[in-house]
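*Asks:* Quick one: the structure is below, and I'll ask about it shortly.
We did not get these values from a lab; they are worked out from the coordinates using the rules stated. Keep in mind the model is a prediction, meaning the values are calculated, not measured. All Cβ positions, glycine included, derive from the backbone under ideal geometry; neighbour counts span all protein chains shown.
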Amino acid sequence: MVLLFWPFMLASIVFSFIALSKKKPMFLVISCFLIIPYSLYLAVTPLFRWWGGIFPFFYLGAAFLLRKNMKGLSGLLILPVIILIGWLGYIIITP
């Protein structure tokens, strides 16, 4: 299970930063596909019931906005996913 989630989550963040720096929306679509296993896992937990299914759409919305040359708004749509991954990493690392 660990082999599936953490490398994909970190890769999705890396691809999202690459997409923003090079202005290539295709990397955000790749990030969307990489975050799907994690979002499906979140969708079955009681705390994130329907929120888990929404996180890949943040990447797709950011790709659409990046295609329309709205880099700032695209970055704002990526921010909730990065905060969620950071929060989960903090929860796991701290005792």
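*Asks:* If contacts are Cα pairs under 8 angstrom and at least 6 residues apart, what is the relative contact order of the stretch 1-79 in percent?
*Replies:* With pairs under 8 Å counted, the relative contact order is 28 percent.
*Asks:* In what sequence, highest mean first, do 28-40, 10-22 appear when ranked by Cβ atoms within 10 angstrom?
*Replies:* Top to bottom by mean Cβ count within 10 Å: 28-40, 10-22.
*Asks:* Compute the distance in nm between two label points, each set 7 Å from the Cα along the Cα-to-Cβ direction, one at SER21 and one at THR94.
*Replies:* Label at SER21, label at THR94, 2.9 nm between them.
*Asks:* For LEU60 and ALA43, calculate 0.36 nm times their separation in residues minus their Cα-Cα distance, and state this gained length in nm to one decimal.
*Replies:* Working it through step by step, the gained length comes to 4.3 nm.
*Asks:* Scan (i) 13.3; (ii) 15.7; (iii) 13.7 for the value of Kirkwood radius over Cα pairs in Å calculated from this model and give just the label.
*Replies:* (i)
*Asks:* Once phi is turned into ³J(HN,Hα) by the Karplus curve 6.51 cos²θ - 1.76 cosθ + 1.60 with θ = phi - 60°, what whole-Hz value does each residue of the stretch 82-87 show in order, with x for glycine and proline?
*Replies:* With the stated coefficients, the stretch 82-87 comes to 5, 5, 5, 5, x, 4 Hz.
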